[in-house]
Amino acid sequence: MTEHKPRAWRNALAVLAALVVGWQILHAVVGEVALRSPWETVAYTAKLFASRDFWPNFDETMTAFAAALAIAVATGLAIGMLLGFSRLAGEVFEPVLVALYSIPKVTLYPIVLLAFGLGMQAKIAFGAIHGIIPIALFTINAVRNVRPILIKTGRVMKLTTWEMVWQVLFPAAIPEIFTGLRIGFSLTLIGTLLGEMFASQRGLGYMLMNGIGLHNVDVIMSVTFMLVVFAAVISSALLAIDRVLHGRA
Amino acid sequence: MSVAHVTLRGVTKVFSRPGKGGEVHALGPLDLDLRSGEFFAVVGPSGCGKSTLLELIAGLATASAGEVAFEGRPIAGEIPDGVGVVFQEDACFPWLTVVDNIAFSLRKARLAPGERESRVRDAVAMMGLGGFERSYPAQLSGGMRQRVCIARTLVMKPRLILLDEPFGALDQQTRLLMGEEVLRLWRQTGATVFLITHALDEATMLADRIAVMSARPGRILEIVETGWPRERDSRVVEDARFGALTARLWQVLRQESMKSIGRPGGVPEGGA
């Protein structure tokens, strides 16, 4: 694994360089009206960071996202564990989850808004809705796929139900569950930002929509750039942890 | 030596088949006494209920009829203290290091840390796992992982060790070496060992007594005594009696194996 690391870094850098070059070429083709160059975007991002108006928006998004993620993870894990352990409950409710998941969630947004009102709560709810079901589905499968021999071993060790869940089933399912969390992270972020883009007065999503309304290409480019970097960095870190966990199993 | 350590009387196991209807008579009725401190092996055609027999003694399954007792006390659906089990499949916990795997049951038993560490150290030394204490199971070979599982059982100081084809997934050379190690720890611990295997030569090499089971429903057809000295190793295969004993097992087993794959047993031998 250690000898693969330099290569992985080299590949990642090559992809990054290609992206920047592609961006620069696209900028040259479509022109200043539609796209800023990489350098201009970075420069404007620095300017945003220095301004006082930016940080309340940033905080708003991060707070909403953190709360949505916490709810999605806690609820998703709880549902997943429950349906994974109980064969009957799993058979009854798993198809329901899958069906719910196939609904385009944007169609639910008016209901979320009516239920929670404009503002923070609606964003959190909308973000959480996106993350819960994938996390639950991954957790169900993770728990079901625990090798029966490990459970048998737990029985031989006379573990109580509680010990069996927390000391055998949960750790055995962690690599798979973590994959669900990784995907849940991305989807919750999408949900939170979508929530901010419609019917919101603050946040990065609001800044983005506002930028579109005012045709402020600098703002659009910078906010998008920030979000891409944020998502990419965290996702890569989660993927790295994911690989370590799966390598052990 | 002659005290019965495990007693089975009229033990029968019938599985109901949910959905399919009907029942499968898997085992028995079967009587068996394991002597304290002996190495007892069971061979039989596949699907004869060998593993069911082990699960009954381990308390992982309950008998449909009859009684299973360990040290005079009936086993009622719960594994008794003093019994350790090693399965064929790799049962190491992949998220724990070798020492944490071995110490798992000791932690649950709330042993004092000092005692725990010394027991783990002994088990690591006994199973030749030195230098791999901090490794994860995925970094070990199949044979090494099985040693971890044996060590994990050993630290609990079991008086009865149940082995369910523990070397079934290993290559032949590793099997022979692991067999020697099991013999050594059997001598050192003084525990009774109950081994399920499909390998006749393995049974002959390791055991004091070998039960040959019939095709389903599994019954004991014959118990063969090997008469090996307690101090022995894999070199008993060179002994002249080794071939004769293994041949005897095969003689009894051949017809049963034929039955279990749905063929007539050919010419009956010795009026069996």
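The values are calculated or read from the model by the stated rules, or taken from the named source; none is laboratory data. Given the structure is predicted, the values throughout are model-derived calculations rather than measurements. When we count neighbours, we look across all protein chains shown, and the Cβ atoms used for this are built from the backbone with ideal geometry, even at glycine. Remember, those area values only see protein heavy atoms, side chains included, never the ligands or the DNA or RNA. Shrake-Rupley method; radii C 1.70, N 1.55, O 1.52, S 1.80 Å.
Observations
- Distance from region A:100-173 to region B:121-176 (C-alpha centre basis), Å: 36 Å
- 20 Å binning of all Cα-Cα separations within the protein assembly as shown, expressed as whole percents from 0 upward: 18, 38, 25, 16, 4, 0
- Interface between chains B and A: roughly 2000 Å² of accessible area buried, both sides summed (probe 1.4 Å, protein heavy atoms only).
- Helical segments meeting 27 Å axial Cα length and Kyte-Doolittle -0.5 threshold in chain A (DSSP H): A:5-30, A:54-85, A:120-144, A:170-197, A:217-248
- Here the gap between A:ALA115 and A:LEU214, fully extended at 0.36 nm per residue and compared with their Cα-Cα distance, gives a gain of 32.6 nm.
- Rolling a 1.4 Å probe over the protein chains gives B:ASP33 an accessible area of about 60 Å².
- Per-residue mean of foreign Cβ neighbours for A:146-158 is 6 (Cβ atoms of other chains, 10 Å radius).
- Peptides A:222-230, B:106-114 ranked from most to least packed give A:222-230, B:106-114, packing being the mean of other C-beta atoms within 10 angstrom over each peptide's residues.
- Working ranking of peptides B:148-159, A:233-244, B:247-258, A:170-181 by packing, defined as the average number of other Cβ atoms within 10 Å per residue, highest first, is B:148-159, A:170-181, B:247-258, A:233-244.
- Note that the protein assembly as shown presents 50 Å² accessible area per residue, ligands and nucleic acids not counted, probe 1.4 Å.
- Accessible area per residue was computed with a 1.4 Å probe on protein heavy atoms; A:TRP55 scores about 100 Å².
- Peptide A:170-181 has a mean shielding of 1, counted as Cβ atoms of other protein chains within 10 Å of each residue's Cβ.
- With both labels modelled 7 Å from their Cα along Cα-to-Cβ, the A:SER86 to B:ALA138 distance reads 3.3 nm.
- DSSP H segments from chain B that extend 20 Å or more along their own axis, Cα-based, with Kyte-Doolittle mean of -0.5 or above: B:240-260
- Portion, in percent, of the accessible area of region A:111-183 that falls on carbon or sulfur, probe 1.4 Å: 68 percent
- Point-to-point label distance, A:LEU239-A:THR107, nm (Cα→Cβ direction, 7 Å offset): 3.2 nm
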